[in-house]
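The values are calculated or read from the model by the stated rules, or taken from the named source; none is laboratory data. It should be emphasised that the depicted structure is a prediction, and the values quoted were computed from it without experimental measurement. In this analysis, Cβ positions are derived from the backbone assuming ideal geometry, glycine residues included, and neighbour counts consider all displayed protein chains. The area values use the complete protein model at the heavy-atom level, side chains included, leaving out ligands, DNA and RNA. Shrake-Rupley method; radii C 1.70, N 1.55, O 1.52, S 1.80 Å.
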Amino acid sequence: MEILNDLLQTEPNWVYTLCRVVAGIIIFPYGMQKLFGWFEDFGGGVGIGQSLETFRSKKVPFAIAWMVIIGQSIGSMLLIIGLLGRFAAFANFIIFSGALFSHRKEGWVMNWVGKKKGEGIEYFILLLTLLIIILFKGSGALSIDFWLWQKVK
């Protein structure tokens, strides 16, 4: 019961809510393009089959590829509604730390003018910062976590 309390505990703070919802909205298209092929304008609405093939071509193990797809798709929805926010933030922190690592050779800034092969890491740093806030502070106000925590404490 103490683990559940630690997982759900949060303050009804609107800053934490904003961080959680924004992080969920940012991650949602990535998950949905991998899961269902939505959001083609986000760099490829490819669906599960093509996503798994892309991961395979990058030598990402099959199980890890599935964890990324599930973490981004379900994790983003959990963040948006505030259910198990710390768990979803942790899963996506791992996923986007990997993305940061793979983009590090492209430098700091994004590919604003189209002269680089890929994107820089500034975006990932911002997203990882939001996820760290959720990890430490929880889901905030208007979250299922806060409602459940009030019931179990």
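Quick look at the numbers
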{"quantity": "Links that overshoot a 21 Å alpha carbon limit, given the list 105/137; 34/116; 34/115; 34/58; 58/115", "calculated": "105/137; 34/116; 34/115; 58/115"}
{"quantity": "Bins of 5 Å, starting at 0 and running to the largest distance - Cα pair percent for the chain", "calculated": "2, 10, 17, 19, 19, 15, 9, 6, 2, 1, 0"}
{"quantity": "Rounded accessible area of residue 17 (nearest 10 Å², 1.4 Å probe)", "calculated": "10 Å²"}
{"quantity": "At least 18 Å along the helix axis (C-alpha) and Kyte average at least -0.5, DSSP helices within the chain", "calculated": "14-35, 62-81, 85-103, 122-137"}
{"quantity": "Projected label distance in nm at residue 151 and residue 67, using a 7 Å step from Cα toward the beta-carbon", "calculated": "3.0 nm"}
{"quantity": "Most to least accessible of 67, 32, 77 (protein chains only, probe 1.4 Å)", "calculated": "67, 77, 32"}
{"quantity": "Distance (nanometres) between label positions extended 7 Å along Cα→Cβ at residue 38 and residue 125", "calculated": "3.1 nm"}
{"quantity": "Surface share of carbon and sulfur [accessible, 1.4 angstrom probe, percent] for the range 1-149", "calculated": "73 percent"}
{"quantity": "In the range 64-125, trypsin sites (Lys or Arg not before Pro) in a DSSP loop with at most 12 other beta-carbon atoms within 10 Å", "calculated": "115, 117"}
{"quantity": "Solvent-accessible heavy-atom area per residue, rounded to whole Å², over the chain at 1.4 Å", "calculated": "59 Å²"}
{"quantity": "DSSP-assigned coil residues among chymotrypsin sites (Phe, Trp or Tyr not before Pro) in the range 79-153, each with at most 13 further Cβ atoms within 10 Å", "calculated": "108, 112"}
{"quantity": "Stretch gain in nm, segment residue 7-residue 74, where the contour uses 0.36 nm per residue and the Cα spacing is subtracted", "calculated": "22.4 nm"}
